[in-house]
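Worksheet: the structure to be examined is printed underneath.
Values quoted throughout were computed directly from the atomic coordinates according to the rules given, and no laboratory measurement underlies them. Quick caveat, the model's predicted, so the values are computed rather than measured. Heads up, the Cβs are rebuilt from the backbone with ideal geometry, glycines too, and the neighbour counts pull from every protein chain shown.
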Ligand code: MN
């Protein structure tokens, strides 16, 4: 049985308005086991605050996973060595904060800038060169991740968000080169639906390199709400590879604010939902995944 989680952004319009304690209380009340949080926020908290958050999570029966989408100034694949150094410093800080809240999964666009796209069509040769820059930076970070007991998961995302890892196969080939048991792949059903030839094959081929799994319907509505994806079959494929990690939903349904801007939500996918209705949607999706992964 996989632990079921919720991404912190579901109820919010802006990245910087999250109140973690009320969020954790809500997420636990709705039945979730995992609260996925913003690594860029958590790494800035004092040890005292992190200790308090850990105690509150323990009381609520929640664990944390850390989400990351590296900003341009931390792009680990930047051509500018100063930017890469800055990224290594930033991710080191994040990794070091993780044991303080008992978090073992760092996930997201963790290997290069999120939405840091080339300004021209690139050749395979150029792509390999950028990949090497990302790998060089990550080779500096993997010993820190290992020391902190963190699985460093690289998210395979669609072509509109990043250009290095668009398919499960590219993700697996990338993390294998790091030669660390802590380097893993993150697959996300929203991105997979855009890029993969075969959703099930992508999971099966990733096998034991899979470290984290994100779920959402094709348009990022909560899982189970539209049944647009082969959920039973995907759960079967995860079982087949012996996946023991968390399954975290990342639904985005609200418009207006910095979160919908970055996620490119230009219409109201919530059906005009107020908070109580959003809670119901999240609770239903949690129950759907608990049943699927029971
Ligand atoms: Mn994701």
Between the alpha carbon centres of the stretch 257-272 and the stretch 22-44 the gap in Å comes to 20
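Percent relative contact order of the stretch 221-294, based on C-alpha pairs within less than 8 angstrom and at least six residues apart? Kindly include the intermediate steps, with their values, before the conclusion.
On the way: 49 pairs, mean separation 30.8, N = 74.
It rounds to 42 percent for the stretch 221-294.
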P(r) over all Cα-Cα pairs of the stretch 104-217, 5 Å bins from 0 to the longest distance, whole percent per bin, short to long, reads 2, 12, 24, 25, 19, 12, 4, 0
Checked the stretch 117-164 with the C-alpha gyration tensor, a ≥ b ≥ c its square-rooted eigenvalues, rounded below a/c of 1.5, otherwise prolate if a/b is larger than b/c and oblate if not; verdict oblate
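What ranking do 9-16, 195-202, 217-224 get when scored by the average of other Cβ atoms within 10 Å per residue, highest first?
Numbers: 9-16: 17.5, 195-202: 15.8, 217-224: 20.6.
Descending mean neighbour count gives 217-224, 9-16, 195-202.
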The stretch 1-74 -> Rg/Rh from Cα coords, Kirkwood Rh, value 0.96
Quick shape summary for the stretch 152-294, equivalent ellipsoid via Cα gyration tensor, semi-axes whole Å in descending order, reads 27, 18, 12
Quick P(r) readout (the chain; Cα-Cα; 5 Å bins; whole %) gives 1, 6, 12, 17, 19, 18, 15, 8, 3, 1, 0
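Checking a compactness column here: for the stretch 1-142, what do you get for Rg(Cα) / (2.2 N^0.38 Å), N being the number of residues?
1.16
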Exposure-ranked with fewest Cβ neighbours within 10 Å first, 62, 76, 23 stand as 23, 62, 76
Taking alpha-carbon centroids only, the stretch 139-211 lies from the stretch 88-113 a number of Å equal to 15
Restricted to the chain, the DSSP antiparallel beta bridge percent, nearest 5, is 0
